[in-house]
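The structure appears right after this line, and notes come after that.
The values are calculated or read from the model by the stated rules, or taken from the named source; none is laboratory data. None of the values given here were measured: they were computed from a predicted structure. Glycine also receives a Cβ, built like all others from the backbone with ideal geometry; neighbour counts cover every protein chain displayed.
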Amino acid sequence: MEKKYLIIGNWKMYKTPSQSTDLVNEIAQFKCPDKVKLGISPPFTNLCPISKALKNSSIVLGAQNMYCAKEGAFTGEISPQMLQDLNVHYVIIGHSERRSIFKESNALIHQKVKVAQDFQLIPILCVGETLEERQAGQEKAIVEEQISSALEGISSALVIAYEPVWAIGTGQTATPEIAQEMHGFIRNLLKEQFPKDGESIHILYGGSMKPNNAAELLRQADISGGLIGSASLVPKDFMAIAQSV
Ligand code: 13P
């Protein structure tokens, strides 16, 4: 069976709503290989204009976070129902910046994954170890704990993104061997939990994926896409990554 890829741009807290439509229109002009599904996750304020701009496009829309309730007195939060209404398909949950800066716990992340699925959103669960954890030889234990706590009682309608914290925004990409080793480990965890579908769940790599290293990473057996930060804000770089498969 031909391998399919999922490449998602995580714009983080970059671009205003008015800047975002130009960027999206530029991305939409490129030809993307058939075996690649392309998505972008802009800030919440940009979802509405981008949802309109992508109306007739095959590019899918993702959000970067959500709160785990349909609605309620949660000042400053965004609900899965609001995302659904804007044709959002994916939602990034548990990004390392949410875990470290905003102190999101494994328990909260589990709730968010569960509620995302309740609203037919596909969670992109982010996992990954810090440099200190890797140096202490704990990287697999950390990732296993992040995955097993988040996936309790969850269906296989999800995506995992392995993002080693030491590779995010640092220009220091994991080598294809290091990345594949962890992706293979994650694949086995998924197969244990989902004997029927574990093999086909997307496992994305994230952390300084760029046009010059994407092809080799994406060639690895258990890497079926990327979660791209800064390179996704440069249309020709984002597209070069998608075209490198
Ligand atoms: P960079 O590609 O900028 O390292 O960011 C990766 C990331 O955090 C994607 O979610």
Does Ile228 satisfy the criteria of being β-branched (Val, Ile, Thr) and more than 15 Å from the ligand (Cβ to nearest atom)?
no
Taking the range 14-58 and the residues there that are assigned to a loop (DSSP other than H, G, I, E, B) and hydroxyl-bearing (Ser, Thr, Tyr), the one that is surrounded by the most Cβ atoms within 10 Å (Cβ to Cβ) would be Tyr14
Within 16 Å of the ligand (Cβ to nearest atom), surrounded by 12 or more Cβ atoms within 10 Å (Cβ to Cβ) and either within 19 Å of the chain's Cα centre (by Cα) or assigned to a loop (DSSP other than H, G, I, E, B) (or both): does that describe Leu83?
no
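Select, from Ala161, Ala141, Ala116, the only residue that is among the hydrophobic types (A, V, I, L, M, F, W, C), part of a helix (DSSP H, G or I) and buried (at least 20 other Cβ atoms within 10 Å of the Cβ). Lay out the reasoning, then the answer.
Working: Ala161 fails: part of a helix (DSSP H, G or I); Ala141 fails: buried (at least 20 other Cβ atoms within 10 Å of the Cβ).
One residue alone meets the criteria, Ala116.
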If I filter the range 102-112 for residues that are surrounded by 15 or more Cβ atoms within 10 Å (Cβ to Cβ), part of a loop (DSSP other than H, G, I, E, B) and touching a residue at least 60 places away in the same chain (Cβ under 8 Å), do I get at least one hit?
no
Test set (1) in contact (Cβ under 8 Å) with a residue 12 or more places away in the chain; (2) surrounded by 12 or more Cβ atoms within 10 Å (Cβ to Cβ); (3) out of contact with any helix residue (DSSP H, G or I) (no Cβ under 7 Å at 6 or more places or on another chain); (4) not in a helix (DSSP H, G or I) - Leu61 fails condition number:
(3)
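Does any residue of the range 190-199 turn out to be within 16 Å of the ligand (Cβ to nearest atom) and part of a loop (DSSP other than H, G, I, E, B)? Steps first, answer last, please.
Residues of the range 190-199 that are within 16 Å of the ligand (Cβ to nearest atom), as a first pass: none.
No - not one qualifying residue is present in the range 190-199.
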Filter result for Ser208 (part of a helix (DSSP H, G or I) and closer than 21 Å to Val91 by Cα):
no
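The rows are residues; the columns are (1) within 14 Å of the chain's Cα centre (by Cα); (2) of a type outside the set (D, E, K, R).
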{"residue": "Glu97", "(1), (2)": "yes, no"}
{"residue": "Ala107", "(1), (2)": "no, yes"}
{"residue": "Lys112", "(1), (2)": "no, no"}
{"residue": "Asp118", "(1), (2)": "no, no"}
{"residue": "Cys126", "(1), (2)": "yes, yes"}
{"residue": "Glu129", "(1), (2)": "no, no"}
{"residue": "Lys140", "(1), (2)": "no, no"}
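To keep it simple, each residue is scored yes or no on (1) away from the ligand (no atom under 16 Å from the Cβ); (2) within 21 Å of Met1 (Cα to Cα); (3) modelled with pLDDT of 95 or more; (4) of a type in the set (D, E, K, R).
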residue: Ile154; (1), (2), (3), (4): yes, no, yes, no
residue: Met209; (1), (2), (3), (4): no, no, yes, no
residue: Glu216; (1), (2), (3), (4): no, yes, yes, yes
residue: Ile223; (1), (2), (3), (4): no, yes, yes, no
residue: Lys236; (1), (2), (3), (4): no, no, yes, yes
residue: Met239; (1), (2), (3), (4): no, no, yes, no
